[in-house]
1. When the Kirkwood hydrodynamic radius is evaluated over all pairs of different C-alpha atoms of the range 1-41, what value in angstrom, to one decimal, is obtained?
2. Pairs Lys68/Lys184; Lys68/Lys132; Lys25/Lys48; Lys70/Lys133; Lys60/Lys105; Lys81/Lys133: which exceed 25 Å Cα-Cα?
3. Along the charge dipole of the range 2-55, which of Gly13, Leu51, Gly26 sits closest to the positive end, that is, farthest toward it, with unit charges on the beta carbon of Lys, Arg, Asp and Glu (+1, +1, -1, -1)?
4. What whole-number value in Å² describes the accessible area per residue of the range 131-207 for a 1.4 Å probe?
5. Using C-alpha positions alone, give me the convex hull volume of the chain per residue in cubic angstrom.
6. Would you mind calculating the gained length between Ala75 and Glu220 on full extension (0.36 nm times residue separation, minus the Cα-Cα distance), in nm to one decimal?
7. Suppose all protein chains stay in the model; what accessible area per residue would a 1.4 Å probe give for the range 1-86, in Å²?
8. Taking the Cα of Asp18, stepping 7 Å toward and past its beta carbon, and measuring to each backbone N in the range 91-131: which are under 15 Å?
Amino acid sequence: MERLDKIISTGGGVSRSDARKLILKGRVTVNEKTVRDIAFKVDPDADKITLNGEDISYKKYIYLIMNKPKGVLTATEDKNKQTVIDLIPGELRRRDLFPVGRLDKDTTGLLIITNDGDFAHQLLSPNKKIPKKYFVTLDGVVGEDLIPKFAAGLTLADGTKLSSAGLEIGEDSHTALVTITEGKYHQIKRMFGLFSLGVNELKRVSFAGLDLPETLLESEVRELTVNELRCIKNAKIVTK
Ligand code: URA
């Protein structure tokens, strides 16, 4: 059982204090009856709850997939800049959502957003070695000699030792697919920087075994399907 003000706040996308005001004003019904008690306990799965006459759909956890565009911060809020949370349409927006990990402002592609802290923790834990794949466009030619170096584990300029990474070079030698299992600050850019290569474009195309769906256009966000969520939860741990 959950407190009514919590359900109205989370399910209705309003602050907890606004939820209390709405309840006190008689805008909330539970099983067709107006309830003015903010601490009233409800079973969100069984009780029919409305706010201003509209059904409140309440799920404890929500899992979203976004195709992040350029120029948007991977943060929950920022005074001046647009964040990934700002891109979430009203019907999916909840106050407790946060992005799972970070993509740089100019990086695009697959980003998971959730309110499930344990789920996020599992995916971000370094010893879980969850694979993340990026499509990289470089300002120079990537040589085959980099493949064994990436595989052996690079050491960044500041001495940070990296785990083994996969490198597949595109036919034009200016693009590559890179698979990493950790998420150090600006990691891919710094990896190529060791070989004097600049990253022109960076797009995450796969995360925890889930590929960015082709149908999800840039800036779009939707709930993960049951199968997609299962795929992520069963993510293969890369042991190399
Ligand atoms: N590596 C980077 O350099 N930037 C990202 O956004 C992700 C990985």
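The values are calculated or read from the model by the stated rules, or taken from the named source; none is laboratory data. Values in this document were obtained by computation on a predicted structure and should not be read as measured data. Every residue, glycine among them, receives a Cβ derived from its backbone with ideal geometry; neighbour counts consider all protein chains shown. Surface areas here come from the heavy atoms of the whole protein model, side chains and all, with no ligands, DNA or RNA. Shrake-Rupley method; radii C 1.70, N 1.55, O 1.52, S 1.80 Å.
1. Result for the range 1-41, one decimal place: 9.7 Å.
2. Check vs 25 Å cut-off fails for Lys60/Lys105; Lys81/Lys133.
3. Of the options given, the answer is Gly26.
4. On the way: 3640 Å² over 77 residues.
Ligands and nucleic acids excluded, the result is 47 Å² per residue.
5. Expressed per residue, the convex hull around the Cα atoms of the chain is 146 Å³.
6. Values: separation 145, 0.36 × 145 = 52.20 nm, distance 1.68 nm.
Full extension from Ala75 to Glu220 adds 50.5 nm.
7. Value for the range 1-86: 56 Å² per residue.
8. 91-97
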